[in-house]
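K.L.:
Structure provided below as structure tokens; questions to follow.
The values are calculated or read from the model by the stated rules, or taken from the named source; none is laboratory data. Every value quoted in this text rests on a predicted model; they were computed, and no experiment measured them. Methodologically, a virtual Cβ is constructed for each residue, glycine included, from the backbone with ideal geometry; neighbour enumeration extends over all protein chains shown.
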Amino acid sequence: MRSPAISFLGGVREIGGNKILIEDGPDRILFDFGPSFSPRFEEYYVDYLRPRSTSPAKDLLEFGLVPRVEGLYAREALADADLAYLPPTVHGIFVSHAHADHAGYLDLVDPEIPVYVGAGTREMMSAIETSTAMRYGPHDYRIFRDRIPIRIGRLEVVPFPVDHSIPFAYGFVIRTSEGSIVYTGDFRHHGPRAHDTHEFFRAAAEERPRALLIEGTRAGPDARRNFSEDGVRAEVDRLLARRASLALACTYPRDIDRLVTLYRAARASDRSLLVSPRTAHLLATIAPRFASEEFPVPGTSEGPRVYARKKKRYFNWEKPFLDHAIDSEDVRKDGGRYLLALDLLHFPELIDLRPPHGVPFIHSMSEPFTEDDVDDRVMHNWLDHFGLSFHQLHASGHASGPELFDIVRSVGAETVYPIHTEHPEAFRAELPGVALAELGGRYPIDASRGR
Ligand SMILES: [Zn+2]
């Protein structure tokens with residue numbers, strides 16, 4: 001019988017696209033299955049040029065943009081690809097969280113393969129499917145519970161909640177017949193669920209793991225500014241107090257922590273947070289999972305209000321939010337009452353909003369990686385045109401390099417595999433026992449025994 005092994009089918013030398021196969025004898029499970037956003041992908045597919053919906057797996061396999069794994073893809077997704085359809089040889093997929101780079105290719109997967117997710121993640125995925133073009137495909141979803149082990153053949157998987165820039169994120173301890181493997185998913189410990197991250201790594205260390213698969217998004221050179229979530233709040237408070245005019249903010253659509261931060265800051269300065277119907281739909285879906293009365297529940301008297309753009313037609317899921325919605329005219333009349341969360345996609349609203357010169361625009365997202373980022377240039381053109389004052393205020397979803405290295409030391413795994421990073425060698429420069437995995441490489445966990 002072959003010894004347990006880890007195969008890295010994605011997330012190698014790139015941020016995102018994690019696809020980790022762990023096998024023990026005949027039992028094989030995958031952790032995450034999301035698209036790569038690497039330059040290699042964009043050599044073949046860009047905005048307007050997509051894989052065909054009738055054969056998405058075939059069209060990605062053509063360029064090696066998804067791994068050639070038999071018994072994984074849906075028959076329909078393969079169509080007549082040169083990788084033949086086989087009944088499942090993978091016995092489950094665990095999804096760490098609902099970000100696209102971890103869950104965005106589930107649509108390609110054979111519906112016969114069970115998909116294991118947290119309850120909150122499942123709800124977010126439903127809300128995303130309802131309100132966007134995203135499709136995860138039909139699956140046998142199995143809901144896992146915090147720290148409750150799930151056995152699949154010889155493998156046992158224990159999901160631990162962690163702090164990340166989307167709620168309901170998990171890391172995993174995977175027990176094999178030859179010892180444990182720890183897979184971190186994406187995490188930080190400067191957000192509201194920092195305690196969860198600490199608990200996860202404490203439990204991980206107790207496992208005395210053979211291997212640690214750790215994300216390294218911010219390892220290596222990273223000159224970008226980063227606040228804690230509390231730090232973002234303090235800065236937003238300061239900006240909102242400074243002048244009584246409208247304020248604008250832009251966030252990632254699923255960064256619920258940031259929306260909560262903006263909501264609380266808005267309330268503290270006697271403003272209403274204005275969100276899109278899509279954000280309202282997501283908040284309303286997951287609100288029952290949050291006990292705090294400070295959670296922004298749309299439709300409640302204290303809740304955020306919905307900003308309605310003029311549209312030719314509205315989707316059914318938008319309609320419940322439109323009755324008491326605020327429009328550009330309302331905002332133009334009385335801007336000081338609002339903090340408007342405006343997606344870049346909806347910037348043409350500024351033409352109707354006519355914000356007074358000098359209104360703060362809070363960019364509460366990552367700074368661009370490169371100086372020639374097109375979206376960034378376009379955004380600044382708009383801000384300059386309307387004379388808005390730009391403020392970069394973001395708390396990353398990821399731990400810093402030094403924090404990552406401290407965690408690796410505290411876990412004390414035999415072998416450390418940095419993934420989800422462009423700079424795995426940054427770990428090797430700081431730490432012993434670091435292995436640089438190759439894309440598609442298969443690494444038995446007993447190979448390092450006695451090292
Ligand atoms: Zn990620």
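K.L.:
Restricting to segment 281-307, count the residues that are in contact with a strand residue (DSSP E or B) (Cβ under 8 Å, 6 or more places away or on another chain) and in a loop (DSSP other than H, G, I, E, B).
P.N.:
Number of matching residues: 3.
K.L.:
Sticking with this structure for a sec: Within segment 406-424, take every residue that is touching a residue at least 60 places away in the same chain (Cβ under 8 Å) and out of contact with any strand residue (DSSP E or B) (no Cβ under 8 Å at 6 or more places or on another chain) and give me the one that is nearest to the ligand (Cβ to nearest atom).
P.N.:
Taking the candidates together, the pick is GLU422.
K.L.:
Taking only segment 361-377 into account, find how many residues are exposed (fewer than 14 other Cβ atoms within 10 Å of the Cβ) and part of a helix (DSSP H, G or I).
P.N.:
Result for segment 361-377: 3.
K.L.:
Right, another one. Need the failing condition index for HIS385 against (1) more than 27 Å from the chain's Cα centre (by Cα); (2) part of a helix (DSSP H, G or I); (3) under 27 Å from PRO221 (Cβ atoms); (4) of a type outside the set (A, V, I, L, M, F, W, C), just the number.
P.N.:
Among (1) more than 27 Å from the chain's Cα centre (by Cα); (2) part of a helix (DSSP H, G or I); (3) under 27 Å from PRO221 (Cβ atoms); (4) of a type outside the set (A, V, I, L, M, F, W, C), HIS385 violates only (3).
K.L.:
Give the residue, chosen from PHE315, PHE295, that is surrounded by 13 or more Cβ atoms within 10 Å (Cβ to Cβ) and more than 24 Å from GLN392 (Cβ to Cβ).
P.N.:
PHE295
K.L.:
For PRO56, indicate whether it is in the same structural domain as VAL117 (by TED's automatic domain parsing) and more than 16 Å from the ligand (Cβ to nearest atom).
P.N.:
For PRO56, the condition - in the same structural domain as VAL117 (by TED's automatic domain parsing) and more than 16 Å from the ligand (Cβ to nearest atom) - is met.
K.L.:
A follow-up question, please. From the set of residues in segment 98-133 that are in a loop (DSSP other than H, G, I, E, B) and more than 16 Å from the ligand (Cβ to nearest atom), which is surrounded by the fewest Cβ atoms within 10 Å (Cβ to Cβ)?
P.N.:
ALA133
K.L.:
May I ask you to list the residues in segment 223-261 that are buried (at least 17 other Cβ atoms within 10 Å of the Cβ) and within 30 Å of ALA435 (Cα to Cα)?
P.N.:
Of everything in segment 223-261, just one residue is buried (at least 17 other Cβ atoms within 10 Å of the Cβ) and within 30 Å of ALA435 (Cα to Cα), namely ASN226.
Each row is one residue, and each column tells you yes or no for (1) within 16 Å of the ligand (Cβ to nearest atom); (2) of a type outside the set (Gly, Ala, Ser); (3) in contact with a Phe, Trp or Tyr (Cβ under 9 Å, 6 or more places away or on another chain).
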site	(1), (2), (3)
GLU14	yes, yes, yes
ILE22	no, yes, yes
SER36	yes, no, no
LEU49	no, yes, no
ARG68	no, yes, no
